[in-house]
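Supplied in structure tokens, the structure appears directly below.
The values are calculated or read from the model by the stated rules, or taken from the named source; none is laboratory data. This structure is a prediction, so every number in the text was calculated from the model and none was measured. Cβ: placed from backbone, ideal geometry, glycine included. Neighbour counts: every protein chain shown. Accessible surface areas use protein heavy atoms only, side chains included; no ligands, DNA or RNA. Shrake-Rupley method; radii C 1.70, N 1.55, O 1.52, S 1.80 Å.
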Amino acid sequence: SKQVPVVVIFSGKRKSGKDYCTERLKSELGPETAEIGRLSAPLKLAYAKEHDLDYKQLLSDGPYKEKYRKDMIRWGEERRTKDPGFFAKLVVAGCTRPVLIISDARRITDIEFFKDPAKGFNPITVRVEATEETRKAR
């Protein structure tokens, strides 16, 4: 059976520096040891398929994503209501390294999924904080 990865969960508001921190951790641990899992990636892929949209554009920070942001959030919440661990399960299933770094836990249910003792993750959680001024400047 597949070994359970060590999970490091980063959370924080938009533009707080989560991506920067997760990329630094990955580079310190090395690509053969760690990989970054984004809970938003499987959400965006499923949303793009269901709505016939450009997945790569939805992953970007451009106006294309902004156009669909509100509806994508609503759609993702509907999925999470049916199954709170829906997107987390997809990320874990795709993990191929001993350390899985979750770069975008935004909901309590995302963190609770990994903290469930029955799943055996025993995650490390990191909260990234930035001032409102710093976030606006990004």
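When the dipole is taken about the Cα centre of the chain, and only Lys, Arg (+1) and Asp, Glu (-1) are charged at their Cβ, what size is it in debye, to the nearest 20? Before the final figure, lay out the partial values.
Details: 29 positive and 21 negative charges, 46 e Å.
I would put it at about 220 debye.
Amide H to amide H under 5 Å from V7: which residues, 5+ apart in sequence or cross-chain, H placed 1.01 Å off N in plane?
For V7, whose amide H was placed from the backbone, the distant partners under 5 Å are L100, I124.
Calculate, for the chain, the solvent-accessible area per residue in square angstrom, rolling a 1.4 angstrom probe over the heavy atoms of the protein chains.
Spelled out: the 1.4 Å probe surface of the chain, per residue, equals 61 Å².
Something else: Going out from 0 in 5 Å bins, what whole percent of all Cα-Cα distances in the chain drops into each bin?
2, 10, 18, 21, 22, 16, 9, 2, 0, 0
Structure shown: which of K26/K82; K18/K44; K115/K136; K13/K65; K18/K56; K44/K82 lie over 22 Å apart, alpha-carbon to alpha-carbon? Please list the in-between numbers first.
Values: K26/K82 32 Å; K18/K44 18 Å; K115/K136 32 Å; K13/K65 17 Å; K18/K56 20 Å; K44/K82 17 Å.
Going by Cα-Cα distance, K26/K82; K115/K136 fall outside the 22 Å limit.
Still on this structure: If you roll a 1.4 angstrom probe over the protein chains with everything in place, what fraction of the accessible area of the chain belongs to carbon and sulfur, to the nearest %? Show your work: numbers first, answer last.
On the way: 4600 of 8410 Å².
Carbon-and-sulfur percentage of accessible area, whole number: 55.
Normalised by the residues of the chain, what does the relative contact order come to in percent, with Cα pairs under 8 Å and at least six apart? Could you put the intermediate results ahead of the total?
On the way: 180 pairs, mean separation 69.9, N = 138.
Once normalised by length, the contact order is 51 percent.
Over the stretch 31-85, how many percent of alpha carbon pairs lie in each 5 Å bin up to the one with the longest distance?
Pair shares across the bins are 4, 18, 27, 23, 13, 8, 5, 1.
Counting every Cα pair in the stretch 1-42, what percent are over 15 Å apart?
Numbers: 424 of 861 pairs.
Counting every Cα pair in the stretch 1-42, those more than 15 Å apart make up 49 percent.
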